[in-house]
Every structure is written in structure tokens, then in C-alpha cells.
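Okay, so here's the structure we're looking at.
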Amino acid sequence: MHAPAPSPLPARNLEHAGASILVFGDAATACHAAADRFADTLGSALQERGRAVLGLATGATPVRLYASLVARHRRGELSFADVATYNLDEFYPISPFDPKSYRFYMHRHLFEHVDLAPNRAHLLDGTVPEAFVAEHAAQYDRWIAADGGLDLQLLGIGRNGHIGFNEPTDRPVAETLALPTRLVDLHPITRADASREFGAEEEVIPRALTLGVAPILAARAILVLAFGSNKADAVARSLTGAMTSRVPGSLLQSVPGKVTWFLDAEAARGLL
Ligand code: GLP
């Protein structure tokens, strides 16, 4: 008796709030499909403009997506030679050599394995002197705009619904939609979740630089990945609840037609 091979097709294909939602049997299959979409978007941008500009995310969720991209690169199917990347967020302050830094993560999971030019792999810089952080953040938004904008933004979602490190707040929605890249304080749930990497909650660096809501929503396409039952509530509130700054993922409803969610069955529990 053999277990049936996992289907390459989405188990279900849903629509909510102008987003397309692909629900897969497991996270590995979802990551493979997301890597397909990522590679297709990269290929179309190269065809249309001769280059691609990609917004990257970190965390546990996209690790298998990056492994799948690296495997494609090794098979000669995918090149980053004409690609520029912009990462979504970074702790502040942090050394790029700190294994908990997102720069270190990106190097380990993607940059050291592919042919991306070192001066085209951009991250917010955890070493910028505090007096220059606002200038650095504003400059990061200008770099993306000068590069022609993001062809694709990859996102995970926090248990509290955060995107990047745009945390839940009581701001009016219009104000949150206009938020630029900036330094933020981390939400208690984010700090609790980050204790996984930092060893203890008190050890978690309490501030971070994050791409703003406005530049995230300006990307021409947005792929959101969420796996596991602990993300089900944030996913359901983002897709079926009202748009609110208390659930930053719900603000993706403001760009109908741009967003594709790649979920496993557990993360989609509140939608099925
Ligand atoms: C982190 C990051 C986000 C990430 C999210 C989910 O704190 N700032 O960019 O998407 O939270 O993380 P994970 O994939 O580890 O669940």
C-alpha cells in the first residue's frame, strides 16, 4: 500500500475580499506552488522589462519556498542575474553577522546559493545610527521607487495579523494605508513569537525597521503564505473581517485583484 502522491493542484480555490486563495493539503505543496508563481512573475518581468524587482520576507514560513527557488537555480531553471531584491523588515539595532538578523537569514537561505549581485540584495540596515534611521527608511522607499517598484511582494502574516512589522494599532485605516517604511515598536504577541529565535521574551530586540503598508500595497502582485492552525485566526480576520488597522492583513483588501494567498488546510480552517 502506497500513500497517494500529494496533488500538485490546489485542494481548493476560494475567493474572498478580491483575493484569490489557494488551499493546499500541506505546507510543502503550498511552498512548491508559491515558488512556481514566484518564478513565473520573475520570468514575466524579465520578458517585459529585462529585469525584476522582488520584495522578500523572512520567518519560518518561506524557508521551503527559498529551498525550492535554490533547487530551481541549481537545475539551471532560474537566474537572479537581472533581479533586485528588497527585504521587508529587520530588527533594530542588529549586526548583520548576528544569526538572528534577517540579513543573516537571507544569506543562509537564498543569497549565498544564487547568482544575485551583492549590490542588488537590499535590506533595511540594523546598523544605521539612530539619528539617521528616519532618513534611511525614507531612502529605502526611494530606492524601490527608483528601481521601478516591486513586481512582487512576498509576505507572511503574524499571529496578530501583522504584515512585515506593521503591527496592530487603533489608527484610522486611511492613515495606516499611507504608512511609509519606518522604525516601529514590536507588539507583545510578536515579541512572544520571536522568543523562539531569541531564547526568551526579554531577549527579543523590541524594535524593528519595516517596509511600510503603502510600499507593500504598491507592489504589482502580492503573495501571502500562511501555514498551521496558529495562523488560522489571523487569516480569517484578514480575509473575512472588516478592514481595520487592528488586523494589518485586512488592509490587503484595499488592493483587490493583486493578492494571492497560499495556505495549508490548517491555516484556512476559518474559511472552509
Ligand atoms: C515575523 C516577520 C514577518 C513574518 C511574520 C511571520 O515576525 N516580521 O515578516 O512574515 O512574523 O513569521 P513566521 O513565518 O516565522 O510565522
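In region 126-155, of all residues being in contact (Cβ under 8 Å) with a residue 60 or more places away in the chain, assigned to a loop (DSSP other than H, G, I, E, B) and open to solvent by 20 Å² or more (accessible area, probe 1.4 Å), the one that is farthest from the ligand (Cβ to nearest atom) corresponds to Gly148. Do we find a residue being closer than 30 Å to Leu271 by Cα, surrounded by fewer than 21 Cβ atoms within 10 Å (Cβ to Cβ) and touching a strand residue (DSSP E or B) at 6+ places or on another chain (Cβ under 9 Å) anywhere in region 90-99? Looking for residues that are closer than 30 Å to Leu271 by Cα, surrounded by fewer than 21 Cβ atoms within 10 Å (Cβ to Cβ) and touching a strand residue (DSSP E or B) at 6+ places or on another chain (Cβ under 9 Å), one finds none in region 90-99, hence no.
Counting only strands (runs of 3 or more DSSP E) that sit wholly inside region 202-272, those with at least 3 residues that are in contact (Cβ under 8 Å) with a residue 40 or more places away in the chain, of a type outside the set (S, T, N, Q) and closer than 30 Å to Glu135 by Cα are 207-210, 222-226. Of all residues in region 27-56, those being open to solvent by 60 Å² or more (accessible area, probe 1.4 Å) and either in a helix (DSSP H, G or I) or in contact with a Ser or Thr (Cβ under 9 Å, 6 or more places away or on another chain) (or both) number 7.
Among residues of region 100-112 being under 19 Å from Gly55 (Cβ atoms) and touching a residue at least 24 places away in the same chain (Cβ under 8 Å), the one that is surrounded by the most Cβ atoms within 10 Å (Cβ to Cβ) is Tyr102. Screening Arg64 on (1) open to solvent by 30 Å² or more (accessible area, probe 1.4 Å); (2) within 17 Å of the chain's Cα centre (by Cα); (3) more than 15 Å from the ligand (Cβ to nearest atom) shows it passes everything except condition (3).
Only one residue in Ala194, Ala145, Ala178 is under 15 Å from Thr58 (Cα atoms) and either over 15 Å from the mean Cα position of the chain (by Cα) or not polar (S, T, N, Q) (or both), so which one is that? Every option except Ala194 fails the conditions. Of the residues in region 239-246, not one is open to solvent by less than 30 Å² (accessible area, probe 1.4 Å), closer than 23 Å to Ala268 by Cβ, within 15 Å of the ligand (Cβ to nearest atom) and not hydroxyl-bearing (Ser, Thr, Tyr). Residues that are open to solvent by 20 Å² or more (accessible area, probe 1.4 Å), over 24 Å from Thr41 (Cβ atoms) and away from the ligand (no atom under 16 Å from the Cβ) within region 156-179 comprise Asp170, Arg171, Pro172, Val173, Ala174, Glu175, Ala178, listed in sequence order.
The values are calculated or read from the model by the stated rules, or taken from the named source; none is laboratory data. The structure displayed is predicted, hence computed values, not measured ones. No Cβ is skipped: glycine too gets one built from the backbone with ideal geometry, and neighbour counts run over all protein chains shown. Ligands, DNA and RNA are excluded from the accessible area calculation, which covers all protein heavy atoms including side chains. Shrake-Rupley method; radii C 1.70, N 1.55, O 1.52, S 1.80 Å.
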